[in-house]
1. With an 8 Å cut-off on Cα pairs and a minimum separation of 6 or more residues, tell me the relative contact order of the chain in percent.
2. Tell me the GluC sites (Glu not before Pro) within the stretch 112-211 that lie in a loop according to DSSP and have at most 14 other beta-carbon atoms within 10 Å.
3. Pick the calculated Rg and Dmax of the Cα atoms in Å for this structure from (1) 16.9, 52; (2) 15.4, 43; (3) 19.8, 64?
4. For the stretch 156-211, which semi-axes, largest first and in whole Å, follow from the square roots of 5 times the eigenvalues of its Cα gyration tensor?
5. Could you give the length gained on full extension between Lys76 and Met1, defined as 0.36 nm per residue of separation minus the Cα-Cα distance, in nm?
6. Semi-axes of the equivalent ellipsoid of the stretch 76-140: what are they in whole Å, largest first, if each equals the square root of 5 times a C-alpha gyration tensor eigenvalue?
7. Pairs Lys139/Lys205; Lys14/Lys190; Lys139/Lys180; Lys133/Lys180; Lys80/Lys135: which exceed 19 Å Cα-Cα?
8. Provide the FRET efficiency to the nearest 0.05 for the Lys180-Asn92 pair, computing r from the beta carbons and using R0 = 45 Å.
Amino acid sequence: MEIAVHPDGTVMVKAPVESDITLIEKKIIKRARWILKALNYFKQFDPKTTERCYVSGETHLYLGKQYRLKVTQGQKNSVKLTRGFFHITCRNEPAPDTVRKLLNQWYSEKAQLQFAESMHRCWQKFRTPGIEKPKLSIKRMQKRWGSLSEKGTVTLNTDLIRAPKECIDYVVTHELCHLKCHDHGPEFYKLLDSLIPGWEKIKHKLELTIV
């Protein structure tokens, strides 16, 4: 059984379908102190990132760094990152919803490139005879940074593009480790430690950057 506490305060419990509900409840109660400790840890970062307005002067993250928006009206829709600013041009009146869509599209395009490079870097360290390199999928997810499907596809959360490269590599490596170790048992963490010594600090940085 696996218990996870997410930055938004959600507590997720995973257990085999045939598990006894009474046994599950007992294990949750046994971990209650740890769950409360984790919830209090994330609570210290409230309020979370303020609601985005997508107007000039507002800051947005890319690969762990903050950049300000400069929104203008022009001949075509475009997003360019230069000299510490996101220069966003809108063909029509720069409405916040239009700016949001343009920036999210830019993020998605960059995620395709950066995540593919991360997969290449991490696979060079992980590569093991008998295990095929997984396919890469990218989409927005509400509760997870990454996942590994039964068919061997690594899916990464598009929002990871806002985190530093070492955090992206940590998530990719974490999912690659599941190719060998399907749960989060001792062997999993032993493998993760061998690939990324001190991964706990990187995980902490990810949680602080995008909480």
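1. Normalised by residue count, the contact order of the chain is 16 percent.
2. Glu132, Glu150
3. The calculated read-out lines up with (3).
4. Three semi-axes, in Å: 20, 12, 9.
5. Using 0.36 nm per residue and subtracting the Cα-Cα distance, I get 21.8 nm.
6. 35, 13, 7
7. Check vs 19 Å cut-off fails for Lys139/Lys205; Lys14/Lys190; Lys139/Lys180; Lys80/Lys135.
8. 0.30
Any read-out appearing in this document is the output of simple, stated calculations on the displayed coordinates, not a laboratory observation. Everything numeric in this text was worked out from a predicted model, so none of it was measured. Cβ: placed from backbone, ideal geometry, glycine included. Neighbour counts: every protein chain shown.
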